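A short reminder: the numbers here are calculations on the coordinates, not readings from a lab. If you're wondering where the values come from, they're calculated on a predicted model, not measured in any experiment. Cβ placement follows ideal geometry from the backbone for every residue including glycine, while neighbour counts extend to all protein chains displayed.
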Amino acid sequence: MESKKDPLPHATPEDAAGIEEALNPEKRVYSDDHVCPIKEARMAKKRRPPAHPAVKWTSRLVMGLAVIPIIVVLAFIGAITFMDFNQYKTTIESEFQARTGYPLNIEGELDVSVWPFALEASQVAMQDKTDPERPDLAKIDSIQVEFSLWDLFVNRKLDILGVELEGAHLYLETDKNGRSNWHGMPMLSHFLPEPKATFRTVAYQPVVNSAENRQGNPPSFHWRLNSFVSQNAVLEWRNEENGHTFLLDDFDLMAFDIAPDEPFKLLTNFAYQTNVVKSRFHVNLSTELTVNEALKQWQLADWNGNIRMILPKDTKVPEVRVETTGKTFKLDMEQKTFHVEQAKLGSLKTQIETSLQGQYGAHPQTQGEVKAEHIRLRKWFRHSGIEYPHFVNRKVLRDVSAAFRWKQTARQLNIDDLEMLVDGAKIAGHIQRREQAGRPDQYRFDIAVSELDMDQYEAYVNPPPKKRRSAETAAQPKPTAPVQTASGKKPETYLPIALPVNTLKELDAEGRLTIGQLKAWQMVFTHFDLTLAAKDGQLKLAPLNADLYQGKLRSELAVDVTGKTPAYDWKGTMNAIQLKPFLADGWQYHQLDGAYSGGFDLQTRGVNSYLLRQNMNGRITAKVSDGAFVGMDLNKLLAGQKTQPQDATQFSQLSLTGNIQKGILKTKDFKVKSRRFSATGLGSLELTSTLLDSTLYTVYQNPPKSLRSLKGMKVPVYLKGPLDQLKWSVDMKALLNNPDNQQKLLQGLQQLFQS
């Protein structure tokens, strides 16, 4: 009989038994411990040889290293949570004062949070080190600085990730000597000129690594911020040198992903106010900002925003919005230079563009160019709260354009290549202003104007009240003639070109002004030429020349404002002036015609036209050729006939000399020649009231037929009354009582009887 073959010849007896049991499940046997043999077989199959001891210790070491940081972090969190950081206030305040020289006071809580890992402080104030009684230099309601936990544990350094400020308030002040309260702060001191030296500078041996040197050259550091946020900040600046104040409030600023030398987005808005103008400015701006690692080079690129100009509600003036854009603004605090390219402002059809560059600090200077088109000055004055005259003509100063180059240093401002267009008048030239130590500013100018109508800038002395327009009157066209008062009289007006006496006393100016055609006080001048020299209250306009009414004025005017009342000295000549249009335009006087030539040397003093006439002294000479007394016919007058307004007494020449004393002109050598008669006379004229009291002794050499009896007789003719209502009359009694006239009358009667 064939023997049964062993399926696993190399298996051990124990393995064979297990396999046998697995192959014959019906013979399944369980131990007393209820252990499944099948499961045990499977587990046995999965068992591996025991691990090497090195592997075991490596696994334990890795687990230990993983647990240690967790323990450290938990310990750090516990320390942060249970530590009272307020105990370090005194240390922080002392260290800050030692480094900056400014006292620091932390009144609020000082705390550190774990997630995010940030330092928080509230009610932080930096005091003014020069005077503790002054307002705090800086205050912050709350500040939160977020740090990087990774860099703290891995790189063992404290890197700032973000800064958030709430209610920061910076108070800056400049005293009367030009000294500022922030000179000890390096970042702010970069923007300041050197303080004015009160004493002579003395050189001493320098101290190496002094506190001041450390402040002036702060060490560079590496920085990168995920965010910087400031809300409700305030910047206040008071300048006691000129009395100006500046205020920036509601200042919000946001920036994200901030890294050195890389552009990042910046959003800001703030309100700006100054005592120079009444308007309050609300600014919204977005731009790309780039800052270098040392925080000394700043660049704004492609900014755009808007500015709202808002006046107080009681003015009832609506706000105006100005759009602003620009290409580049660069600031280098190491070289103390700045550069602006294509900065633009636009609103109300106004477009202004400027580019400039310069430097600041101890030797500041700036230069650039400006181009402005369609500036509505009256509109801007109104929205800025600037008072201006109430012009009769509402269309003036509504379209002004200008272009010029300018350069400014610490003591001098130059405006060159000036080209302006003001209400049709073209203005060109240059202007210079120079500061002088201990003296008023000095001005130099050379201005040429094509044509200028000053009369269109006539303004009301007392503006008429505004009338409410109903629906019916609103549809009616506006009147072109000046409005009238309730009494029916034309409102009083003036030409707003006068300068205050105090301004003239301090004026230091030299320059020339030429005007191709000038209209002022209803008179027209051509080739107006004025050269001004003013200093120490003495003003001299020499020459003061013009061509007018087919004639010429050549004169010099000196003004002395050193006394209580301004004094004037005007001398010159006038040649071939046509009196009829000259008197009609300037004084609305129509009763004298002819070509006037003469000279004058006048002195007076006063602050208005009445006092100038009342206090006038001097001497005049006058010659009038080919003229006429309009409104009076001497022939009709002597014949007893009534003269008409269109009548006239022709003469070939009139001459006189006169002296003026205390506003009264007394004539002498008054002579008149005509084809029919000659006359001599004397009289007086009150310049304040224009009252004339004069007598002409007329002698007829060639009388008309109706007056043949008066040939050779001396006829006294009286001229009395105001110049605009002059009365002519003949003194018949004096005519008959004159012995020469009686003899000639007797001879005339004899000839009559003989015929």
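In this calculation the C-beta distance from M254 to H590 is compared with R0 = 51 Å, giving a FRET efficiency of 0.10. Between N155 and V461, the simple label model (points 7 Å from Cα in the Cβ direction) yields a spacing of 7.8 nm. Neighbour counts of C-beta atoms inside 10 Å place W406, W150 in the sequence W150, W406, starting with the fewest. The stretch between D724 and T315 holds 142.7 nm of extra length on full extension. This uses 0.36 nm per residue minus the Cα-Cα distance.
With Cα atoms defining each centre, the stretch 269-330 and the stretch 409-455 are spaced 29 Å apart in the structure. Counted by neighbouring Cβ atoms within 10 Å, the residues W223, W570 run from fewest to most as W223, W570. By the count of neighbouring beta-carbon atoms within 10 Å, fewest first, E133, E146 end up ordered E133, E146.
Between E133 and E241, how high is the FRET efficiency from 1/(1 + (r/R0)^6) when r is the Cβ-Cβ distance and R₀ = 22 Å? Nearest 0.05.
Numbers: r = 20 Å, r/R0 = 0.93.
For E133 and E241, the calculated efficiency is 0.60.
The modelled label-to-label distance for the pair Q351/E510, using points 7 Å beyond Cα in the direction of Cβ, is 4.1 nm. Taking K673 as the anchor, which aspartates and glutamates have their alpha carbon closer than 17 Å to its alpha carbon, excluding any fewer than eight residues away along the same chain? Filter leaves D593, D626, D633.
Based on the Cβ-Cβ distance of V370 and L119, what FRET efficiency does E = 1/(1 + (r/R0)^6) give at R0 = 56 Å, to the nearest 0.05? Kindly include the intermediate steps, with their values, before the conclusion.
Working: r = 47 Å, r/R0 = 0.84.
FRET efficiency, V370 to L119: 0.75.
Grab the stretch 492-650 and count how many Lys pairs have their alpha-carbon atoms under 30 Å apart, sequence gap of 8 or more, or different chains. Lysine pairs meeting both conditions in the stretch 492-650 amount to 28.
Placing a pseudo-label 7 Å from each Cα along the Cα-to-Cβ vector at Q653 and N306 gives an inter-label distance of 7.7 nm. Electrostatic bookkeeping for T604 treats Lys and Arg as +1 and Asp and Glu as -1; over the other residues with beta carbon under 14 Å from its beta carbon, the sum is +2.
Just flag the trypsin sites (Lys or Arg not before Pro) in the stretch 330-404 sitting in loop per DSSP whose Cβ has no more than 16 other Cβ atoms within 10 Å.
Numbers: sites: K330, K336, K344, K349, K371, R376, R378, K379, R382, R394, K395, R398; in loops: K336, K349, R376, R394, K395, R398.
Those satisfying the criteria are K349, R394, K395, R398.
Between E109 and Q578, full extension at 0.36 nm per residue minus the direct alpha carbon distance yields a gain of 159.9 nm.
Pulled fully out, how much extra length does the chain show between S450 and Y388, if you take 0.36 nm times their separation in residues and subtract their Cα-Cα distance? Intermediate results must be reported in sequence, preceding the final value.
Values: separation 62, 0.36 × 62 = 22.32 nm, distance 2.48 nm.
That works out to 19.8 nm of additional length.
For the stretch 275-425, the number of Lys pairs separated by eight or more positions or lying on different chains, with C-alpha atoms closer than 20 Å, is 21.
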